[in-house]
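Enquirer: Right, I'll just put the structure down here and ask away after.
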Amino acid sequence: MLSGISWNNYIIVVVLLSVVWYLFVGLYYYFDTIKDVITGKRKLQFRSLAEKSISKKDYDFDDHLSEEVLNAPVTFEPVDPDFNMVEDLTAKLKITISDAHQKKLIKSEFEVRLQILLTEYASLGSSPFRPSINEFIVGECEKQDSVLLTHQEVDSLWN
């Protein structure tokens with residue numbers, strides 16, 4: 001069956017299928033760019049591989065803003081100072097919940113420990129992070145399979 005197909009025919013079919021495939025992929029992902037180049041809205045630009053630096057002209061920034069943006073130091077600090085407190089609290093909550101699971105504390109003792117910990121972070125009780133923290137506590141208790149608390153019980157521990 002395959003003896004009737006010559007190498008020339010095979011190569012022609014593979015090349016044609018490859019061209020059709022890459023045309024499909026190119027049109028599917030870059031149709032808008034190709035349309036803009038054809039209509040003249042965008043110029044076709046070729047960059048050399050040696051070009052490594054990014055210049056201001058590559059971006060459509062306001063000159064005043066571009067200097068500030070390009071020269072600004074990069075910082076990764078969260079804007080909200082409560083976020084650091086939430087991270088500290090969640091770390092302490094994990095330790096407290098795993099400790100309660102290991103010591104097999106009864107529910108009332110566990111609630112007292114949680115209440116003491118939550119009073120240390122009382123400012124988070126009125127923040128928008130409170131429901132997330134409550135959900136975290138309930139989830140960790142379920143994950144550790146220790147004392148199970150409901151959302152209402154955890155919410156009452158803040159007071």
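Enquirer: Which one of these does Ile95 not meet: (1) closer than 12 Å to Asp155 by Cα; (2) surrounded by fewer than 18 Cβ atoms within 10 Å (Cβ to Cβ); (3) among the β-branched types (Val, Ile, Thr)?
Expert: Condition not satisfied by Ile95: (1).
Enquirer: Quick test for you: out of Val147, Val86, Val74, pick the one residue that is at pLDDT below 85 and crowded, with 16+ Cβ neighbours inside 10 Å.
Expert: Val147
Enquirer: Any chance you could count how many residues in the range 1-19 are part of a helix (DSSP H, G or I) and either among the small types (Gly, Ala, Ser) or surrounded by 10 or more Cβ atoms within 10 Å (Cβ to Cβ) (or both)?
Expert: Adding up the residues that qualify gives 13.
Enquirer: Suppose we keep only residues that are among the acidic types (Asp, Glu) and farther than 26 Å from Pro81 by Cβ within the range 105-159. Which one would you say is nearest to the chain's Cα centre (by Cα)?
Expert: Among them, the one singled out is Glu142.
The values are calculated or read from the model by the stated rules, or taken from the named source; none is laboratory data. These figures come from a predicted structure and were not determined experimentally. Ideal geometry is used to build each Cβ from the backbone, glycine not excepted, and the neighbour counts take in all protein chains shown.
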